[in-house]
Amino acid sequence: MKIAILGGTGHFGKGLSFRWSKNHEIIIGSREERKATQAADSFNAELSKFSIKRPIVGMDNRQAVQQAEVIVLSLQFDHLLPLLKEMRPLFDSKIVFSPVVPLVKKEIFQFAPPPEGSAALAIRNLLPGSCRLIAALHTVPAAEMKDLGKKLEGDVVVCGDDRESKILVKKLVEEIEELRVLDGGPLEVSKMVEPITPLILNLKLFGLKRDLTIKFI
């Protein structure tokens with residue numbers, strides 16, 4: 001499967017690239033093609049010691065969306081909105097995967113939702129009606145994601161309105177060892193899932209001083 005990760009040059013995008021490159025064609029997207037290709041070259045060099053031979057490639061965001069079957073939005077919420085408005089027609093009939101959480105940090109991390117109530121619901125309003133949007137992976141730490149020597153633990157809540165796309169995203173997440181996927185229901189539930197992220201970040205900031213995730217027991 002061809003998976004484009006927009007904003008893939010960052011830590012979270014790097015982690016997803018590393019975890020999925022064994023089984024899929026990964027495209028790193030960036031505003032600047034040069035930055036994307038440099039990141040892809042760097043990622044491939046790091047992956048070579050794990051005997052992963054399927055090369056990651058870099059493209060500008062427009063090319064990445066056109067080429068991919070699944071598109072992951074790995075950008076800060078404020079940076080993402082203008083990109084979606086500019087490239088809206090290119091997302092026609094695509095599966096889009098959002099781990100985006102709108103945050104602000106002053107003394108503490110705070111959830112800063114748009115009027116729709118969540119990033120996922122705001123993103124849905126900017127995409128074509130034929131686009132299938134799934135929200136997931138909000139609570140998996142980027143630092144642990146990119147460490148292939150570490151098995152990730154925790155639960156991942158998946159929200160979306162299209163059943164087949166939700167199943168596909170569920171399978172992608174389950175390729176990441178030890179993560180358990182839970183169906184949270186329709187995309188509307190993203191209003192309850194996204195605020196968990198600032199809580200986790202504040203627990204790390206004020207007390208535990210290590211990366212955390214969630215598990216339902």
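Inside the range 176-217, can you point out the residues that are of a type in the set (Val, Ile, Thr) and surrounded by 15 or more Cβ atoms within 10 Å (Cβ to Cβ)? Answer for the range 176-217, where residues must be of a type in the set (Val, Ile, Thr) and surrounded by 15 or more Cβ atoms within 10 Å (Cβ to Cβ): ILE176, VAL181, VAL189, VAL193, ILE196, THR197, ILE200, THR213, ILE214. Restricting attention to the range 149-175, and to residues there that are touching a residue at least 12 places away in the same chain (Cβ under 8 Å), touching a helix residue (DSSP H, G or I) at 6+ places or on another chain (Cβ under 7 Å) and assigned to a loop (DSSP other than H, G, I, E, B), which single residue is surrounded by the most Cβ atoms within 10 Å (Cβ to Cβ)? For the range 149-175, the residue satisfying everything is LEU152.
Checked against the criterion of being under 25 Å from ILE217 (Cβ atoms) and modelled with pLDDT of 95 or more, the candidates VAL157, VAL70, VAL140, VAL100 yield just one match: VAL157. A single member of LYS146, LYS105 is charged (D, E, K, R) and in contact with a His (Cβ under 7 Å, 6 or more places away or on another chain), and it is LYS146. Inside the range 72-122, residues that are farther than 27 Å from LEU172 by Cα and aliphatic (A, V, I, L, M) make up a count of 3.
The strands (runs of 3 or more DSSP E) found wholly in the range 1-72 and carrying at least 1 residues that are within 15 Å of the chain's Cα centre (by Cα) occupy 2-6, 25-30.
The values are calculated or read from the model by the stated rules, or taken from the named source; none is laboratory data. None of these values were measured; they are calculated from a predicted model. Counting neighbours? That spans all protein chains shown, and the Cβs are built from the backbone with ideal geometry, glycine included.
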